[in-house]
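The block underneath contains the structure these notes are about, expressed in structure tokens.
The values are calculated or read from the model by the stated rules, or taken from the named source; none is laboratory data. What you are looking at is a predicted structure, and each value in this text was computed from that prediction instead of being measured. Neighbour counts run over all protein chains shown; Cβ positions are idealised from the backbone, glycine included. Side chains included, ligands, DNA and RNA excluded: accessible areas come from the protein's heavy atoms. Shrake-Rupley method; radii C 1.70, N 1.55, O 1.52, S 1.80 Å.
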Amino acid sequence: MSPASARHQRASLVVAPGGLPGYVLDGVPYGLPRSRDVAALAARHAGALGFLEWHDIADSADRAVQEGRAVRAALVARALTDLAAGGEPDTAGLAALRADLPGVGVVRVRTDGSADKTDGHLSLGYLLGDRPYALNLPDTAGHEGLAEREAIRVALTHARALGFTGFHVQSDHKFHVRRYDEDLIHRGRRKSDSLERLDALVDDLGGAVTFEYVGTLDTDAPHRMALHARALARLDGGLPLSRAQAVALRRVHFALKAGGSVLY
């Protein structure tokens, strides 16, 4: 094996201290709101990416930096789950969200959602500006339309918590874009709880939020983030990945590792 090949077979791995479900794999931080065994998850994740070996970071100063990134990833994941459930993040979670992305002015919000074909569980992905976020909703099952709706609601809730003052939502889900862009809400009709929650949030934001329909290709990144969140949840449970989840796991990792504003 050549030295270059050997490098591609090895990855650094640092797990957050204190039992927090966060880790940094190959230089990329990951976090879950909770995990059965975060060290085992990280090892499965490394294996699924094709790494044959993973090693600790020897340098104590670098290790401390990476542990801090792992802790913040775990706190962000927990805070997003709190927001999705309609609650408020704790002080540490809110601070982690705001440190991850300071909110100033108007933000572009791109969203997508996915319903797992095996069990119906929902996962969400969205971009605030160029910053990607994703979460799995293990206690919520439904259809793709519900996943899309929840992605819009959670993304807007997140952006407002960061302090943004304007929100431009881009989505490929025509039902929701037309509902709000063309004001097609019929207040007297019976609606689902999820739709009423989103209606109430959009009403509360008023003129600060606008909606725009974009083609599916423009939502590839949030869609893959949604699949990626579900992939991590399945790895945490020791479950096999679908082909789409496995592809998302690889593409998201190496896009995040490369950095920059263009994903995938």
Item to check | 0 to 90° range, to nearest 10: angle between helix 38-48 axis and the chain longest Cα axis | outcome: 90 degrees
Next on the checklist: Once R0 is set to 30 Å, what does the formula 1/(1 + (r/R0)^6) return for the Cβ-Cβ distance between residue 131 and residue 61, expressed as a FRET efficiency to the nearest 0.05?
Outcome noted: 0.65
Checklist outcome for this item: Row for region 50-96, column shape: gyration tensor on C-alpha, a ≥ b ≥ c, rounded if a/c < 1.5 i.e. under 1.5, prolate if a/b over b/c, else oblate; value oblate
Checklist entry - What FRET efficiency would be calculated for the residue pair residue 88, residue 165, taking the C-beta separation as r and a Förster radius of 22 Å, to the nearest 0.05? => result 0.65
Checklist entry - What's the angle, to the nearest 10 degrees (0 to 90), between helix 193-205's Cα axis and the longest principal axis of the chain? => result 80 degrees
Checklist entry - Of all DSSP beta bridges in the chain, what percent run antiparallel (nearest 5)? => result 65 percent
Checklist entry - Which of rounded, prolate, oblate describes region 1-110, given a ≥ b ≥ c as roots of the alpha-carbon gyration tensor eigenvalues and a/c under 1.5 marking rounded, otherwise prolate only if a/b is larger than b/c? => result prolate
Checklist outcome for this item: Counting only protein heavy atoms with a 1.4 Å probe and every protein chain in place, the carbon and sulfur fraction of the accessible surface of the chain in whole percent equals 53 percent
Next on the checklist: Tell me whether region 164-217 comes out rounded, prolate or oblate; compute the Cα gyration tensor, take square roots of the eigenvalues as a ≥ b ≥ c, and use a/c under 1.5 as the rounded threshold.
Outcome noted: oblate
Checklist entry - Of the GluC sites (Glu not before Pro) in region 131-192, which ones lie in a loop per DSSP and count no more than 14 other C-beta atoms within 10 Å? => result 182
Checklist entry - On average, how much accessible surface per residue is there in region 52-209, in Å², for a 1.4 Å probe, leaving out ligands, DNA and RNA? => result 47 Å²
Checklist outcome for this item: Computed, not fitted: 222 nm per-residue ellipticity of the chain from DSSP H runs ≥ 4 (each -39500 (n - 2.57)), nearest 500, equal to -15500 deg cm²/dmol
